[in-house]
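Notes for the one structure printed next.
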Protein chains: 2
Amino acid sequence: MRLLSLARDLRRRRARERNALFVAEGIRTVQELLASPLDVVGLLAAPKLEADPRAAPLLEEAQARGIAVLRVTEKEFRSAAETESPQGVLAIARVPERSFQPLAGRAKLRILVLDGVQDPGNVGTLVRTAAALWADATVALPGSVDLWNAKVVRSAMGALFHHHAFAAGAAELRDFLAAEGVALWGADQSGQEPRAGLPRLALAVGNEGSGLSAETRSLAERLVAIPIAPQVESLNVAVAAGILLYVLRP
Amino acid sequence: MRLLSLARDLRRRRARERNALFVAEGIRTVQELLASPLDVVGLLAAPKLEADPRAAPLLEEAQARGIAVLRVTEKEFRSAAETESPQGVLAIARVPERSFQPLAGRAKLRILVLDGVQDPGNVGTLVRTAAALWADATVALPGSVDLWNAKVVRSAMGALFHHHAFAAGAAELRDFLAAEGVALWGADQSGQEPRAGLPRLALAVGNEGSGLSAETRSLAERLVAIPIAPQVESLNVAVAAGILLYVLRP
């Protein structure tokens, strides 16, 4: 039963941080996880999973790779799952060790910075968008929802497993940008519409309600915005980041 | 109690269509609704609403405009609400009558077509994005989630109340495009990256899993796509639509 109580425990951010483990829920997400270089610790499978034709190959692959599969009841499964309709399968995996270090010295660089983005669906979509639009990394600053929250993992649609996304402190980000001479631009409705980016650039997007933090704002060399119709208060943060990453592509 | 049973009933699409009424949930959404030209029939308020400083002015405004306010228990409220944390307030309002007719004869035109988009959060974000990026209308074809679903209304952040969004049949869309000589472009990963649009253009986005329907595909003069990294299967549909509407702006 240890795998079940571990999965339950990992619903809390502190437990994920202490154990450097996270939970991926749903058939598609677990498939993406198994296809990634990440280290998978174990699977929980509920009876309902068997109804899906993708279940057997998935469980066989886990078996073949020596990944523990624990069969649990539907009730036990629900006690550990976080997302809606997790389809009777979840995986426990190791949070990959990622940092600024491999990003140093690149001639072209795009980093998406999440500055207090709090909705898990938005953060998952942001990671997926950054990965799709050729960003080298996504950095989640304190105040953002945990990247390894099950709902973020789910809505990132596998992008978290290969895209270089990680959490870092504001000072760490500042030091990296200064040491590498990389400019930070902040997305803010008061900013100017950008025409193109620089070869190396970090783009920060802020909280859904209050926008960029004062700290990030003061670090930003420029504020940029996509012009929008006056009746609408703002674009969704993932849509705004998508348009900006596209316009600013190196 | 009629307002309570009506709100409960309106959780079903058929009831919304039969009554031409819908439900808007949450303080912010109800505020946006009251500020819009839409006809508000009544409000349900639960005790928990009182804790919010925005509650009193909101209820006073409803009172002043002769809009019925029914006080209900938390349990009754929950029996009618659909979205997460609806904050103890919901409003029942009339679905506005909207059609292709006012879009005829315009020199510049942008229409976003939703072809089987099923996630309510995506559809709400699409409507918000279309409104923000100066589209004249959003048309939901059959197979898309109902525009007046409470979760769509919530995630559109008020955009449904002023943006010209409405449901229409595929034949109606085809007839309008033919009569007006407006081209339809379809978003599809096999398409080419567009550089600019035409003065008058409709852009169709498809289902989250299966993409455009065969019917919309055959109607499209061109397929367009935003190039993405090979490790990622697709962009989120609202992010893709946002980038395309931005690139294709008139």
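The values are calculated or read from the model by the stated rules, or taken from the named source; none is laboratory data. Quantities reported herein were computed from a predicted structural model and do not represent experimental measurements. Please note: Cβ atoms are built from the backbone with ideal geometry, for glycine as well, and neighbour counts cover all protein chains shown. Quick note on the areas: whole protein, heavy atoms, side chains included, nothing else; ligands and nucleic acids left out. Shrake-Rupley method; radii C 1.70, N 1.55, O 1.52, S 1.80 Å.
Which order do peptides B:117-127, A:27-37 fall in by mean Cβ count within 10 Å, highest first?
B:117-127, A:27-37
How big is the shadow of the Cα convex hull of chain B, averaged over all directions, in nm²?
14.3 nm²
Give me the percent of accessible area attributable to carbon and sulfur for chain A, probe 1.4 angstrom.
51 percent
What residues in the range A:198-233 lose 50 Å² or more of accessible surface when the other protein chains are added to their chain alone (1.4 Å probe)?
Buried by the other chains: A:V232.
Can you list the residues of the range A:97-143 whose accessible area drops by at least 10 Å² going from the chain on its own to the full set of protein chains, with a 1.4 Å probe?
Buried by 10 Å² or more upon assembly, which counts only protein chains, are A:T125, A:R128, A:T129, A:A131, A:A132, A:L133, A:W134.
Computed over the Cα atoms, what is the radius of gyration of the range A:3-48 divided by 2.2 N^0.38 Å, N being its residue count?
1.17
Counting only protein heavy atoms and rolling a 1.4 Å probe, how much accessible area do A and B lose on contact, total for both sides, in Å² to 100?
The summed interface area works out to 2500 Å².
Would you look at the GNM of chain B, springs on alpha carbons closer than 10 Å, and say which of B:Q63, B:Q231, B:Q192 moves the most?
Comparing B:Q63, B:Q231, B:Q192 in the GNM, the peak value goes to B:Q231.
So if I take the alpha carbon set of the protein assembly as shown, get Rg, then get Rh from the Kirkwood formula, what is the Rg over Rh ratio?
0.97
Compare A:E97, A:E76 by solvent-accessible area with a 1.4 Å probe and give them largest first, with all protein chains kept in place.
Ranking A:E97, A:E76 by accessible area, largest first, yields A:E97, A:E76.
Please compute the length gained on full extension between A:Q231 and A:E84, using 0.36 nm multiplied by the number of residues separating them and subtracting their Cα-Cα distance.
49.6 nm
If you project the alpha carbons of the range A:68-117 onto their three principal axes, what span does each projection cover, largest first, in Å?
52, 28, 15
Over all directions, average the projected area of the Cα convex hull of the range A:183-235 and note it in nm².
3.8 nm²
Can you work out the accessible area per residue across the range A:1-103, with the rest of the protein chains kept in place, probe 1.4 Å, in square angstrom?
52 Å²
Explain nothing, just compute: Karplus ³J(HN,Hα) = 6.51 cos²θ - 1.76 cosθ + 1.60, θ = phi - 60°, for every residue of the range A:228-234 in order, whole Hz, x for Gly and Pro.
10, 4, x, 6, 9, 6, 6
Please compute the contact order of the range A:164-222 in relative form: average sequence separation of alpha-carbon pairs under 8 Å and at least six residues apart, divided by the residue count, as a percent.
Once divided by the residue count of the range A:164-222, the mean separation gives 39 percent.
Given points 7 Å out from each Cα along the Cα-Cβ axis, report the B:R11 to B:E180 separation in nanometres with one decimal.
3.7 nm
Using only the alpha-carbon atoms, what does the range B:60-143 span along each of its principal axes? Please give whole angstrom values in decreasing order.
Taking max minus min along each principal axis of the Cα atoms, the range B:60-143 gives 51, 32, 22 Å.
Taking a probe of 1.4 angstrom, what is the accessible area of A:I67 in Å², to the nearest 10?
Number for this one is 10 Å².
Which lysines have a Cα less than 19 Å from the Cα of B:K48, not counting those fewer than 8 places away in the same chain?
The reachable lysines, counting only those whose Cα sits under 19 Å from B:K48, are B:K75.
What is the Cα coordinate range of the range A:113-208 on the first, second and third principal axes, sorted by size from largest, in whole angstrom?
34, 27, 23
Residues with amide H under 5 Å of A:L70's amide H, sequence separation 5 or more or different chain, H placed in the peptide plane at 1.01 Å from N; which?
Result for A:L70 returns A:L43, A:L44, A:A45.
What's log10 of I(q)/I(0) for the range A:1-134 at q = 0.16 Å⁻¹, Debye sum over Cα points only, no solvent?
-0.90
For Cα pairs less than 8 Å apart in space and 6+ apart in sequence, what is the mean separation divided by the residue count of chain B, i.e. the relative contact order in percent?
Working: 502 pairs, mean separation 50.5, N = 250.
Once divided by the residue count of chain B, the mean separation gives 20 percent.
Say we join alpha carbon atoms closer than 10 Å with springs in a Gaussian network model of chain A; which of A:A45, A:A196, A:A130 then has the biggest fluctuation?
A:A196
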